[in-house]
Amino acid sequence: MKIVDLRSDTVTRPTPAMRDAMMRAELGDDVFGDDPTVNALQERIAAMLGKEAALFVPSGTQGNLVATMSHCQRGDEIVIGQMAHHYRWEAGGAAVLASVQPQPIEHQADGTLSLADIAAAIKPDDSHFARTRLLALENTFGGKALPLTYMADATALARSRGLATHLDGARLFNAAVKLDVAARDIAQHFDSVSVCFSKGLGAPVGSALVGSRELIARAHRWRKMLGGGMRQAGVLAAAALHALDHHIARLADDHRLAQRLADGLQGVPGLSVEPPQTNMVFADVEGERGKGLIEHLKSRGVLATGLYRLRFVTHLDVDAAGIDHAIAAVRQHFVR
Ligand SMILES: *Cc1c(COP(=O)(O)O)cnc(C)c1O
């Protein structure tokens, strides 16, 4: 049985062309700064995002963590979304490893944090309070592309109150494709941005943090401390470079497949599907009707997640036939 794996866009295998690029990569010891392919990737992604410097890190989690550690001191505070990956899904690393207190705030329906909530969360300079130091946003957030005007307004507010700004751009290129802007048009609003090569871009491993030369120099030391110094990492950087060359424009295909899935699930009794903006389809199941759904789908070769809401993610390794198979499998569960 062919598996249609819609759990995440991280499940892709490197394409033959990507493997070929990895095989041919020129390598050196990156802890000595000697890996030409890592250096090329760092220069490339910094330039693409309009920043001075970049650091290749093993994961998006480490990118967000070294960003937190580079912007903040022990006892500082970060204003962040209640469901942001950087807060909710990274095992509490900001608190445990950075000694930074997260101040989570609720998301609006469009995924944004309201300017009033951000302003209210920023503490006065008073010894009772943690020092509010950083505003962290995420784009795309839950598959939603936050508009440029919002990012301009939210970061202007943060700056006016003396905060630094970080964007968790794990799926920054999905946002750029959806908004039809260059990725740097989004990145320009932030002091630092992390991006994942291992999500929709289809690389097996790796993320980057971009920012000023000074910030990235600090991040470099934190990466070493966290065990993120890698040696002949060019074999991975080559995959990321290949992805930047070949896998950005095609994200629009993933977005179209997500729309195809959402369309196919319209009108299923007991299932309410949120119109997708990028490569994720979320659906809410009425009452007990979702019971056994994930297992039923699995028995039909369709993998999905359902921790908070039912979620399907499209990517490089699914096609229209796979999506149609998934639609049929979901429908079968609800009509029996
Ligand atoms: C996946 C993800 C990360 C972290 O990436 P890992 O490489 O899995 O550590 C961070 N932020 C968002 C929004 C993500 O989706």
Exercise. Within segment 1-95, which helices (runs of 4 or more DSSP H) (wholly inside it) include 3 or more residues that are within 16 Å of the ligand (Cβ to nearest atom) and either closer than 16 Å to S194 by Cβ or outside the structural domain of E295 (by TED's automatic domain parsing) (or both)?
Worked result: 60-71, 85-88
Problem set entry | Residue among A283, A258, A262, A321 that alone is surrounded by 15 or more Cβ atoms within 10 Å (Cβ to Cβ), over 22 Å from L179 (Cβ atoms) and within 27 Å of the chain's Cα centre (by Cα) | A283
Exercise. Can you tell me which residue in segment 286-318 is surrounded by the fewest Cβ atoms within 10 Å (Cβ to Cβ), limited to those that are in a strand (DSSP E or B) and of a type in the set (V, I, T)?
Worked result: T305
Problem set entry | Filtered residues of segment 195-215 (kept if assigned to a strand (DSSP E or B) and within 23 Å of Q232 (Cβ to Cβ)) | V195, C196, S207, A208, L209, V210
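The values are calculated or read from the model by the stated rules, or taken from the named source; none is laboratory data. Everything numeric in this text was worked out from a predicted model, so none of it was measured. Note: ideal-geometry Cβ built from the backbone for every residue, glycine included; neighbour counts use all protein chains shown.
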